[in-house]
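So the structure is just underneath, and the comments pick up after that.
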Amino acid sequence: MTQFDFGVFAGGLSEPETFTTHRARAWERYSDAPFPTKKSEEWRYTDISKVDFDTFVAVTPTEALDANLPADVQEVLDQSGERSGIVVQRDGRVAHIELDPKLAAAGVVLCSLQQAAASHAELLERALFAVTPTAAEEKLWTLHLALLTGGYLLYVPKGVELSAPIHSFRTISGPGVLTATHSLVYAETGSKAAVIDEFLSPDLDGEALSLHGATIHGDANAKIEYVALQRYGRGVKHFSTQYIAAQRDAQLVTFNVALGGDVSRSEVNSRLLGPGSNSEMLALWFGDSKQHFDHQTLQHHAAPSARSDLLFKGALTDNASSVFRGVIRVDVGAQLTDAYQTNRNLLLSKGSHATALPNLEIKADDVRCSHGATIGQVDDDQMFYLLSRGLTRQQAERLLVFGFFDEVLGRMPMEGVRERVRHAIEEKIGL
Amino acid sequence: MAQPLLVIRDLHAKVEDDDIDILKGVDLVVEPGNVHALMGPNGSGKSTLAKVIAGHPGYEVTSGEVLFQGENLLEMEADERSRAGVFLAFQYPAEIPGVTIANFLRTAVNARAGKGEETDVFAFQATLAEKMALLKMDDSFATRYVNDGFSGGEKKRNEVLQMAVLEPALAVMDETDSGLDIDALQIVSHGVNTLTKADKDLGVLLITHYKRILNYVKPDFVHVMMNGRIVESGGTELADKLEAQGYDWLQEAAAGV
């Protein structure tokens, strides 16, 4: 960023000193780290060498924000069911937060990360700043930390349950913008949290960059549902890195849905840290035109008797492309691990292309692990059956995609969450 | 006299990648409101005829013509034929996991309505409920995935339900009775009779291997297909004769050019 002066940027932020220190350290690491290239296994299929990071302008925090809900956010809220709270971030800055007063009274905290740095310094230290990104993610992870202007903390204390999701929105208003945001979800022992992170923007006549990080932490016996619903307009390049930690008997479900943007990459790292913990990892994507989706996953079993189950499904048409690279890693001591990984791809056009790279790194000997990946086309018999009922080829394809996705949607426990995602997919598929 | 519903003239057709015709000169006329039974031994070309009428891409017409309400059916794609009013009840309906019958049928109904004319969800649900009541089907059926894990009888009932909702002018029923026990056969036959009663102009081409279904669905005409051609036509007495004597007595007619 040639025109960008980090010192001036950081100096303009009013935030606790610990935050400033971590920010500066992240900037240093970012400056030292090389840009990912196609030479690395993790970035072989997604070329970001043409992304000119210098041309993007990190949002500055000086101007006042309109606290009213943007029209596109209001539209989604009108269509959605019950919720426990709302977070709106506009161009990377928190503009609006509200939380069900009953939950606030029960000790639930929903606030900006800047506020959290003052009120929950220890928690941020432990759950966010202690994260060590993989070498492949170092560059973008540290950039997102250094430029972090937006982001929220959802903290659910021991035994408290959210019956409806927190609905969070990130909007991008125009080309040239770089947003850096983070979602920190911390569910204490026996609590229950649910979050929808929705990313949206109009179609842009230039490029914008969205850097996103998420740390999802479930203490013993906690239940978390986390959804990242990416439906940016064209022009946006989105990079999300997610670290999920499950302590003893925690039940975590994460669901990445990629529908929008030009390039959308999500790295989802799940760490099973306690016996009996369970991480359900789900994803869906539907790509058209020249959209490119990249999903990198890690199911890291560090504790025995834990379970992880990954189901990622993508459908592509036109000249869209996708890559899935998944690793199951089982540490020496993680006996009685159950780990499953499935990636299925449906190609609707000759010009579309999917790559699937499943990997196992298993160091324990008493485990049940399986992985499988398929890349296929629409079944001829199903197609003729639908045509014979008067559906056009396109309608038939779209209906089959919807059927293909249903298995994943069905695994989301919370009805309202499921319906929101279903609606967004319907809108994208155009059924 | 009204225009015939379906006119088939000297139709020859083959499997796409094959050289030999399976249909070797089929002639058939179906008038509105008539039920035609098409019988014949295995491999005589009955199912091929059904698929050719529906526009299956695996078959190629080598000569002859098929007119539906005066229009050249062979120039239309499978989906256009359906929207024009041709319905094929499949012998082996495809299973489509993840897509409910209600969602599937609503999409099919909207495909007929065209852009901007789509039926709203509630109006469609009312229509579907009405048709299911007509066929004495349980409401929960519509929420199941299309044919996914269905028994043979359920699959055939689902075909009849689709026929009821899509209201075709011509229904080609390809061995709808095969593999059904007597209870399922009666239910499906009741469905077909209900629909022909509700729509006096509905033409049916009922393809079957056995006379059994004709005890429940009364045809106006019976035809026998052998070796790719219709070799004998008559009334219900023809079905009785086939039941009693089999197909051997027709071998000569079938062999003749």
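The values are calculated or read from the model by the stated rules, or taken from the named source; none is laboratory data. What you see is a predicted model; the values in this text were computed from it and never measured. Cβ: placed from backbone, ideal geometry, glycine included. Neighbour counts: every protein chain shown.
Filtering the range B:170-180 to residues that are within 11 Å of B:ILE213 (Cα to Cα) and not aliphatic (A, V, I, L, M) leaves B:GLU175, B:THR176, B:ASP177, B:SER178.
Exactly one residue out of B:ASP148, B:ASP120 is at pLDDT below 90 and either of a type in the set (Ser, Thr, Tyr) or more than 18 Å from the chain's Cα centre (by Cα) (or both): that is B:ASP120. Of the residues making up the range B:60-83, those that are under 24 Å from B:LYS155 (Cα atoms) and of a type outside the set (D, E, K, R) number 2.
Would you point out which residue out of A:ARG344, A:ARG411 is part of a strand (DSSP E or B) and charged (D, E, K, R)? Steps first, please.
Values: A:ARG411 fails: part of a strand (DSSP E or B).
Only one candidate passes the filter, namely A:ARG344.
How many residues does the range B:45-86 contain that are farther than 14 Å from B:VAL7 by Cα, more than 14 Å from chain A (Cβ to nearest Cβ) and part of a helix (DSSP H, G or I)? Within the range B:45-86, residues that are farther than 14 Å from B:VAL7 by Cα, more than 14 Å from chain A (Cβ to nearest Cβ) and part of a helix (DSSP H, G or I) number 3.
Test A:VAL332 against the criterion of being in contact (Cβ under 8 Å) with a residue 60 or more places away in the chain and either away from chain B (no Cβ under 14 Å) or under 27 Å from B:ALA78 (Cβ atoms) (or both), and give yes or no. Taking the combined requirement at face value, the residue does not satisfy it. Taking the range B:128-150 as the range and being under 16 Å from B:THR100 (Cα atoms) and of a type outside the set (A, V, I, L, M, F, W, C) as the test, the residues that pass are B:ASP138, B:ASP139, B:SER140, B:THR143, B:ARG144, B:TYR145, B:ASN147, B:ASP148, B:GLY149. Scanning the range B:87-108 for residues that are part of a loop (DSSP other than H, G, I, E, B), within 8 Å of another protein chain (Cβ to nearest Cβ) and within 18 Å of B:PRO168 (Cβ to Cβ) yields B:PHE90, B:PRO93.
Go through A:LEU387, A:LEU399, A:LEU391 for me and flag whichever is within 25 Å of A:HIS353 (Cβ to Cβ) and facing chain B (nearest Cβ under 7 Å).
Working: A:LEU387 fails: within 25 Å of A:HIS353 (Cβ to Cβ); A:LEU391 fails: within 25 Å of A:HIS353 (Cβ to Cβ).
Selected residue: A:LEU399, the only one of A:LEU387, A:LEU399, A:LEU391 that is within 25 Å of A:HIS353 (Cβ to Cβ) and facing chain B (nearest Cβ under 7 Å).
For the range A:402-431, filtering for residues that are within 11 Å of chain B (Cβ to nearest Cβ) and among the hydrophobic types (A, V, I, L, M, F, W, C) leaves 6. Only one of the listed residues (A:GLY351, A:GLY390, A:GLY376, A:GLY430) is of a type outside the set (A, V, I, L, M), touching a Lys or Arg at 6+ places or on another chain (Cβ under 6 Å) and farther than 26 Å from A:ASN269 by Cα. That residue is A:GLY390.
Given the criterion at positive phi, crowded, with 24+ Cβ neighbours inside 10 Å and in contact (Cβ under 8 Å) with a residue 40 or more places away in the chain, identify the matching residue among A:GLY235, A:GLY314, A:GLY287, A:GLY261. Give the derivation first.
Numbers: A:GLY235 fails: crowded, with 24+ Cβ neighbours inside 10 Å; A:GLY314 fails: at positive phi; A:GLY287 fails: at positive phi.
Just a single option satisfies the conditions, and that option is A:GLY261.
Condition check for B:ASP148 on (1) part of a loop (DSSP other than H, G, I, E, B); (2) more than 10 Å from chain A (Cβ to nearest Cβ): one failure, at (2).
I'd like the residue in the range A:348-390 that is hydroxyl-bearing (Ser, Thr, Tyr) and more than 30 Å from B:ALA84 (Cα to Cα) and, out of all such residues, is nearest to the chain's Cα centre (by Cα).
First pass over the range A:348-390, keeping only residues hydroxyl-bearing (Ser, Thr, Tyr): A:349, A:352, A:355, A:370, A:374, A:385, A:388.
In the following step, the residues that additionally are more than 30 Å from B:ALA84 (Cα to Cα) were identified as A:352, A:355, A:370, A:374.
Numbers: A:SER352: 24, A:THR355: 20, A:SER370: 24, A:THR374: 23 Å.
Filtering first and then ranking leaves A:THR355.
Screening A:MET281 on (1) within 17 Å of A:LEU229 (Cβ to Cβ); (2) in contact (Cβ under 8 Å) with a residue 60 or more places away in the chain shows it passes everything except condition (2).
Filtering B:GLU130, B:GLU118 for residues that are charged (D, E, K, R) and either part of a helix (DSSP H, G or I) or on the phi > 0 side of the Ramachandran plot (or both) leaves a single hit, B:GLU130.
Return yes when B:ALA111 is more than 12 Å from chain A (Cβ to nearest Cβ) and in a helix (DSSP H, G or I) and no when it is not. Explain how you work it out, then say what you get.
Numbers: more than 12 Å from chain A (Cβ to nearest Cβ): no; in a helix (DSSP H, G or I): yes.
Here the answer is no, as B:ALA111 does not meet what is asked.
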